[in-house]
Amino acid sequence: MSDETTIAPARPRAGLARYVLAATSARTADGGAVVAIVLLATTSGDPGWLAGALGACVTAPHLLGPFIARSLDTARDGRRVIALASLLHGVTLAAAVLLHAETHPIVPAVLLIASGLLGPLLTGGISSRLPAIAGPTRTSQRRAQGWDVATYGIGGTAGPSIVAALSAWASPLAAGLVLAAGAVIAAAFVMLLPYSPPPVAASDIPRPARTLAVMLSTGPLRRTLYLTMIVAFSVAALPITAVAGAAMLGTGEAAAGVLTAAYGLGNLAGSVGVMARPLEGNADRLMTRLAVVVATTLFAVVLSPTFGLAAAAYAAAGIANGYFFAATLAARSEYSPDEMRGQVFVWTGALKITAGSAGTALAGTLVTASAHLPLVLAIALTAAAALASTTERRTRSIR
């Protein structure tokens, strides 16, 4: 039996199970935080601008995550860094929701900024631990990356769902506290992950700016970065266009939730597909091909003449994005230098979140002119990024 098909031993499987629990708990807390804060502010009678500002206090600091991510690579035990981040994320989130009604808004805002600053360590930071857990073969690594994609999908879906359910049953305050407790529980699971020693001495770990420079000057990492950002920017338009698209199809704006759910279920289906049959081949080429597939599914959304076909197209887009995300995780893992792996994961994750936020904002602006204009732009950008990636590789091979 070849090395590619060797089954990972029991210990990696046990470590992967703990990883899934830790990552799902952390990402559920991170994924639901904004919804909990906005609902809490809204139901408390705060003006809309303040609710939005408090929500932004959670998301905007993600861009600063790479500047604290160096600690992942320099620490003697990276688990402690992630566990501490998860613990502090939970504590600051709990303090913010508890003090919201009792203090000036600046106090919860500062606490939420601190909570948001730690968010990248719960997303890309945890993912950076996966290569040391998943097993020695490429097949086992890529199957584990399917699990990782699933934890993102579950966290992004379960977090807001938990907030909605608990807010209806109890209150947004209770929902925020439950999310905070989830982050604290995640910290305990992180410490149960297998220990992996630092790859190099702390003095050899580059600074964040140097890491970004290396990423931009290294072909596969550069392509990973811009493909990840462009696809995130593009698919972020789907929830916005779902509302306008559902109305155009004569089903009413409420049916937009069905389209969005179809996309989310498709994303989970894509992660299951990667688990069942891990991606094969060069991760760099896979990203390009799968970006084209994502663009094709977005084109199918634009062309869908009926609600049923639109739902199928949204599901297909979710599946394609699930596979694409798994390919980007493979690329981050396989092309990152050992001394900066944690920073590469967090840089890519932080810029992905920023690109997604920009995509949502721009889609909200463009959709007023035309329901399909955001997706037309998304298709063009994704196709252009895939073409640029292909051209880069061909130019390099000719040289």
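The values are calculated or read from the model by the stated rules, or taken from the named source; none is laboratory data. In this text, all values refer to a predicted model and were calculated from it rather than measured experimentally. Please note: Cβ atoms are built from the backbone with ideal geometry, for glycine as well, and neighbour counts cover all protein chains shown.
A few notes on this one:
- Across the stretch 39-66, the qualifying residues are those that are among the hydroxyl-bearing types (Ser, Thr, Tyr), part of a helix (DSSP H, G or I) and farther than 21 Å from Thr354 by Cβ, and the one among them that is nearest to the chain's Cα centre (by Cα) is Thr42.
- Qualifying residue in the stretch 93-115 (condition: in the same structural domain as Ile185 (by TED's automatic domain parsing), under 21 Å from Ala51 (Cβ atoms) and under 17 Å from the mean Cα position of the chain (by Cα)): yes
- Any hit, the stretch 55-63, residues being crowded, with 21+ Cβ neighbours inside 10 Å and among the polar types (S, T, N, Q): no
- Residue in the stretch 352-364 that is touching a helix residue (DSSP H, G or I) at 6+ places or on another chain (Cβ under 7 Å) and under 23 Å from Pro278 (Cβ atoms) present: yes
- Any hit, the stretch 67-81, residues being farther than 16 Å from Val346 by Cα, surrounded by 19 or more Cβ atoms within 10 Å (Cβ to Cβ) and of a type in the set (S, T, N, Q): no
- Qualifying position, being surrounded by 19 or more Cβ atoms within 10 Å (Cβ to Cβ), modelled with pLDDT under 90 and over 19 Å from Val149 (Cα atoms), among Ala363, Ala313, Ala358: Ala363
- Every listed requirement among (1) more than 27 Å from Thr123 (Cβ to Cβ); (2) touching a helix residue (DSSP H, G or I) at 6+ places or on another chain (Cβ under 8 Å) is met by Gly342 save one, (1).
To keep it simple, each residue is scored yes or no on (1) in contact with a Cys (Cβ under 6 Å, 6 or more places away or on another chain); (2) buried (at least 16 other Cβ atoms within 10 Å of the Cβ); (3) at pLDDT 85 or above.
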site	(1), (2), (3)
Thr6	no, no, no
Pro12	no, yes, no
Ala26	no, yes, yes
Thr43	no, no, yes
Ala53	no, yes, yes
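- Of all residues in the stretch 271-285 being in contact with a Ser or Thr (Cβ under 9 Å, 6 or more places away or on another chain) and assigned to a helix (DSSP H, G or I), the one that is surrounded by the fewest Cβ atoms within 10 Å (Cβ to Cβ): Arg285
- Any chance Pro136 is part of a loop (DSSP other than H, G, I, E, B), within 30 Å of Ile319 (Cβ to Cβ) and at pLDDT below 85: yes
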